[in-house]
Structure formats: structure tokens, C-alpha cells
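*Asks:* The structure that follows is given in the form of C-alpha cells.
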Amino acid sequence: ENCGHISISAHVMRLGDPVTASCTVTQSCSHLDPEPQILWKLGAELLQHRGRQQSHPDGSQKSTITLPHLNSTHTFLLCYLNWSNSLQLLDQAELWAGYPPAMPSNLSCLMNLTSNSLICQWEPGPDTHLPTNFTLKSFKSRGDCQTQEDPIKDCVPAAGQSSCSIPRKHLLLYQNMVIWVQAENALGTSLSPQLCLDPMDVVKLEPPTLMALDPNPEMALPQPDCLWLRWEPWKPSIYMDQKCELRYRPQLREASWAQVAPLPSSTTRYELCGLRPATTYALQMRCIRWPLPGHWSTWSPSLELQTT
Amino acid sequence: PLPLPRSFVLKCLEQARRVQAEAVEMQQKLCATYRLCHPEELTLLGHSLSIPWVPLKGCSSQDLQPTRCLRQLQAGLVLYRGLLRALVGISPELSPTVDTLQLDVADFATTIWQQMEDLGTAPAVQPTPGTMLTFTSAFQRQAVGAMVASQLQCFLELAYRALRYLRGP
């Protein structure tokens, strides 16, 4: 039988909260020393004169200690017996201290058409100093997300990650779903605000591919102030109606971008005129799902063309 | 006329194009992998396996009846989902395409069903995919795959024309 054991109010508590523990030296061990002195250590620090020791009718001895503020996020509380001038370790208790999880914030999601999955990310909030589990929770809904339809399997991020990817087979495209993040540790649980979205409305497009287009062969002489280009939408999004923006600037110092009015994705070629002759221009394009909702792609890499 | 929200019709058009592209991809893979490049040669086999063919009479351009068209379109999509389900595991090369196609066809059917519910025009009972097809050979499964991919494209082309008409200018 153990010589002594520690009983403690809790092994996990809020940082700065008090903790009360008792160490009981059993009668079988007490016979070694009629008045055994029980001592405590917190980590490596000997806690002088801090325990209140009492004898019990059954011959056991019990020391009780209260630490007003536990300021260490992870430590050990140790109970010793002073035996023949040597400290004998009887038991130890592992202690964690931290905070309940704050509300996860800035939840946002993007539909990735390449992996066909919905990728959500969030801000986890301040460090809790405790093992904290984040779970991306969601359910299918419709309309303005006031009704709950089929639940969707919880998405558990990789350790330490603040993002999670819901695979296609769990998604119902073109219908609204409700998504939120749950953070949980030993001291509590908190939920992020909920998002109501259709995965297809948060598609993130990749930029189109810009290419030079030979001037119209019927034209006797290509106009010196024009450039001809064509583009192809990003292949995985080819079935989506989109609108695109073209911007251009001469390769001159301090030149700024000029932008062409949005171009529907059904037209995939363009004649850009009103330019400076014999000048190299950088052209870029970006697209967005339209008229249905979506996110702008980034600008395409520059295509460099020269006017004649 | 049926008060169809514009966003609903736009979504349907996009879903039709999406599924169409996947059906074309499936057909191309069946042609490349199994040399099944002429679905018209499989009509007799289709009859013998009683592959259901889905008429879209309510969606014809001569006599478009929106409520009937949506019901037939939704029922047809549910049927195709059942046919595609029978093709699951057809082959490692095709499985990803068939799986995605099956999911997208199902989502397209849900989009229409929920809109019909919102409009109060949904039939009392949800259509079901019907009995699961069974095959006696890998060839039969591959051949049915070729037929389904081909028929689904024709089905979607008809549906697309009707949806574009419903979208208006």
C-alpha cells in the first residue's frame, strides 16, 4: 500500500486561481516516525511552513495546503516525508493552468474547385495554455439558414491548424449550409458566430490564361496603337458564367494601371486600342463568377505585348 | 407563368453545364479505356437491360410547361443518379469521375426539388431512383456507363434549352 497519496481539488484550473490539496500519510507508514513531518514542493520549490498538518484517529497524518494563485501553466505538486533527515517522495500531482477557450473569430470559407472541397479558416484566439480542440461543425440548410436539415460530419483540423477542409461528398452544392467553429478544453467550450453560405457562392477562381492574338489577317496594316489578346478561363471553372477585368500599363517608370470595363467571359478575345505606338505593355486579367456570387481571382501573371 | 427566381434558374444553368462537362469527361474516359466510343451501337443492349429513358416532354421548346418540365427534370436526375450509383466501382480510372458526377447530379436534383417545394409545386411523393441495375459482366457495366454518359448529355441539352428559355433575356 502506498505510504501516502495526494488528493486535490482539480488538476486543471484557471491561471491564477487557488488550488487546495491534501497529502495523507497512512498509518502503516506513520509507525516509521510517530510525528512524521509532511513537506510540499511545487515544481522544484520547497513550500516552507505552508501545510496544515493534523493527526487522524486512525493513526494517519494529513497535511493540507492551499496555494492562493497558481501561476504556472504546467507543474507538479509533490508530497514528501521528512524521514531520517532525508526527503522521501510519497506522491505527486500534475497540474495544468490556463484559460477557457475564447470565441473563435474571423471564420471564412472558400470552395476549392481543384480539390472540390470547402476550406474554412478562423482565428483561434489567445493561447489557452491548455490542450484545446477545435472542430468545424456544420449542417445542411436552405433559404436563409433558419432550418436545420441533415447534419454534416464534424471536420477536425490537423493538430495546431486553424483550418479544415470539408470534402465534396459531405457537401450539398447550390444550397445554403450553416458553419461554425467549436473550441473546447478542460475549462470550457466556446462557439464562433455561424456562417450561412452556399459553397458555390464562395468559389475562389484561379486567374484566366492571357495569350497574344495575331491581328486580324484581313487588316492591311495592324493599327499601331492596338494590341490583340485572347484568354481562356481557368479550366475547372469553365462551366461558370463569369465576368473579367483587364488592366494594362506601359513598361515605363511610374506607369500606373489602366483598367478596361468588365468583359463577360463569353467573349474570350479583345482588341485594346488607344495605346502608345512602339511600346511594350504589361497586361493582366482577373475573373469572378457572375452574375451568381463569387470571389475575384487574383490577377493573372503579366502578358507583355508590344505595339507596332 | 411560374414565378421562378432568377438566381434559381442561373444556378440550374450552371449545374447543367457542370454536369454536362462531367458526362463528357466520363464518355471520353470510357472511350479511351474500353474503346466504347459509339453509344449508338449499344441501343439493343440498352433495351435488353431495360435501361430507362427519361422523356422531357414538358421541356420541349414547342410546348414548354415550366411546372411539368421541372418535375420531369428532377425525376430524370434522380433516375440518372440511380443509374450512376450502379456504376460505382466500375474501374479505378473512372471511379472519381462517376463519384463526382453522381454527387453533382444528386445536388442538381435537390436544387430543383427544394425550389418546387418553395413554390408549392412539388409532387406529393419524391421520385425514387428505381431498382438498382445489376450486371452479369464487366462489359455490361462499362457499356451501360457509355449509354448513361451519352443519354445524360442529350437529357441535359434539352433541359439547358428549356432553362435558358425560362431565364429569359
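*Asks:* Would you mind finding the one in B:Ala162, B:Ala124 that is of a type in the set (A, V, I, L, M, F, W, C), at pLDDT below 95 and within 18 Å of B:Arg18 (Cα to Cα)?
*Replies:* B:Ala162
*Asks:* Also: Among B:Ser60, B:Ser91, B:Ser7, B:Ser50, which is the only one that is under 24 Å from B:Gln115 (Cβ atoms), at pLDDT below 90 and either under 17 Å from the mean Cα position of the chain (by Cα) or among the polar types (S, T, N, Q) (or both)?
*Replies:* B:Ser60
*Asks:* While we're here: Among the residues of segment B:56-115 satisfying the criterion of being farther than 18 Å from B:Glu157 by Cα and part of a loop (DSSP other than H, G, I, E, B), which is farthest from the other protein chains (Cβ to nearest Cβ)?
*Replies:* Here the answer is B:Ser91.
*Asks:* Out of curiosity, is B:Glu14 of a type outside the set (Ser, Thr, Tyr), in a helix (DSSP H, G or I), at pLDDT below 90 and under 30 Å from B:Tyr165 (Cα atoms)?
*Replies:* When the stated conditions are applied, B:Glu14 does not pass them.
*Asks:* Would you point out which residue out of A:Arg142, A:Arg50 is modelled with pLDDT under 90, closer than 30 Å to A:Asp198 by Cβ and either among the basic types (Lys, Arg) or surrounded by fewer than 20 Cβ atoms within 10 Å (Cβ to Cβ) (or both)?
*Replies:* Being modelled with pLDDT under 90, closer than 30 Å to A:Asp198 by Cβ and either among the basic types (Lys, Arg) or surrounded by fewer than 20 Cβ atoms within 10 Å (Cβ to Cβ) (or both) holds for just one of A:Arg142, A:Arg50, which is A:Arg142.
*Asks:* Can you tell which of A:Pro199, A:Pro167 is surrounded by fewer than 16 Cβ atoms within 10 Å (Cβ to Cβ), at pLDDT 95 or above and within 14 Å of chain B (Cβ to nearest Cβ)?
*Replies:* That would be A:Pro167, the only listed residue that is surrounded by fewer than 16 Cβ atoms within 10 Å (Cβ to Cβ), at pLDDT 95 or above and within 14 Å of chain B (Cβ to nearest Cβ).
*Asks:* In segment B:27-34, is there at least one residue being touching a Leu at 6+ places or on another chain (Cβ under 8 Å) and within 14 Å of chain A (Cβ to nearest Cβ)?
*Replies:* No, because not a single residue in segment B:27-34 is touching a Leu at 6+ places or on another chain (Cβ under 8 Å) and within 14 Å of chain A (Cβ to nearest Cβ).
*Asks:* Right, another one. Restricted to segment A:263-302, and to residues that are out of contact with any Phe, Trp or Tyr (no Cβ under 9 Å at 6 or more places or on another chain) and of a type in the set (A, V, I, L, M, F, W, C), which residue is farthest from A:Gln175 (Cα to Cα)?
*Replies:* Per the criteria, the residue is A:Ala278.
*Asks:* Restricting to segment A:109-119, and then to whatever is part of a strand (DSSP E or B) and without any contact (Cβ under 8 Å) to a residue 60 or more places away in the chain, can you tell me which residue is nearest to the other protein chains (Cβ to nearest Cβ)?
*Replies:* Going through the qualifying residues, I end up with A:Ser117.
So that you can scan it fast, the table gives a plain yes or no per residue for (1) aliphatic (A, V, I, L, M); (2) out of contact with any helix residue (DSSP H, G or I) (no Cβ under 8 Å at 6 or more places or on another chain); (3) open to solvent by less than 90 Å² (accessible area, probe 1.4 Å):
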position	(1), (2), (3)
A:Pro36	no, no, yes
A:Glu45	no, yes, no
A:Ser55	no, yes, yes
A:Ser60	no, no, yes
A:Ser63	no, yes, yes
A:Asn71	no, yes, no
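*Asks:* I'd like to verify a number: residues in segment B:50-61 that are closer than 17 Å to B:Leu2 by Cα and polar (S, T, N, Q), how many?
*Replies:* 2
*Asks:* Of (1) within 14 Å of another protein chain (Cβ to nearest Cβ); (2) crowded, with 20+ Cβ neighbours inside 10 Å; (3) aliphatic (A, V, I, L, M), A:Leu136 satisfies all except one. Which?
*Replies:* (1) is the only condition that A:Leu136 fails.
*Asks:* So how many residues does segment A:253-276 have that are open to solvent by 80 Å² or more (accessible area, probe 1.4 Å) and either among the polar types (S, T, N, Q) or assigned to a loop (DSSP other than H, G, I, E, B) (or both)?
*Replies:* So the answer is 6.
*Asks:* Further question: Any idea which of (1) open to solvent by less than 60 Å² (accessible area, probe 1.4 Å); (2) over 25 Å from A:Asn112 (Cβ atoms); (3) basic (Lys, Arg) is the one A:Arg286 doesn't satisfy?
*Replies:* (2)
*Asks:* Let me ask you something else. Restricting to segment B:96-113, name every residue that is within 16 Å of A:Met177 (Cβ to Cβ) and either modelled with pLDDT under 95 or among the small types (Gly, Ala, Ser) (or both).
*Replies:* Within segment B:96-113, just B:Ala106 meets the criteria.
*Asks:* Also, quick follow-up: Considering each of A:Gln182, A:Gln88, A:Gln194 in turn, give the residue that is open to solvent by 70 Å² or more (accessible area, probe 1.4 Å) and modelled with pLDDT of 95 or more.
*Replies:* Just a single option satisfies the conditions, and that option is A:Gln194.
*Asks:* Those residues that are open to solvent by 30 Å² or more (accessible area, probe 1.4 Å) and either under 14 Å from the mean Cα position of the chain (by Cα) or on the phi > 0 side of the Ramachandran plot (or both), I need them from segment B:102-149; list them, please.
*Replies:* B:Leu103, B:Thr110, B:Gly120, B:Pro127, B:Thr128, B:Pro129, B:Gly130
*Asks:* Sticking with this one: Within segment B:155-169, count every residue that is open to solvent by less than 70 Å² (accessible area, probe 1.4 Å) and assigned to a helix (DSSP H, G or I).
*Replies:* 8
*Asks:* Then there is this: Step by step: first the residues of segment A:1-23, then only those that are open to solvent by less than 30 Å² (accessible area, probe 1.4 Å) and touching a Leu at 6+ places or on another chain (Cβ under 9 Å), then the one that is modelled with the lowest pLDDT. Which residue is that?
*Replies:* That would be A:Gly4.
Yes or no, residue by residue, for (1) touching a residue at least 40 places away in the same chain (Cβ under 8 Å); (2) more than 14 Å from every other protein chain (Cβ to nearest Cβ); (3) open to solvent by less than 20 Å² (accessible area, probe 1.4 Å):
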residue: B:Ser7; (1), (2), (3): no, no, no
residue: B:Lys11; (1), (2), (3): yes, no, no
residue: B:Arg17; (1), (2), (3): yes, no, no
residue: B:Ala23; (1), (2), (3): yes, no, yes
residue: B:Trp53; (1), (2), (3): yes, yes, no
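The values are calculated or read from the model by the stated rules, or taken from the named source; none is laboratory data. Because the structure is a prediction, the values reported are computed rather than measured. Please note: Cβ atoms are built from the backbone with ideal geometry, for glycine as well, and neighbour counts cover all protein chains shown. These area figures cover heavy atoms from the full protein model, side chains too; ligands, DNA and RNA do not enter into them. Shrake-Rupley method; radii C 1.70, N 1.55, O 1.52, S 1.80 Å.
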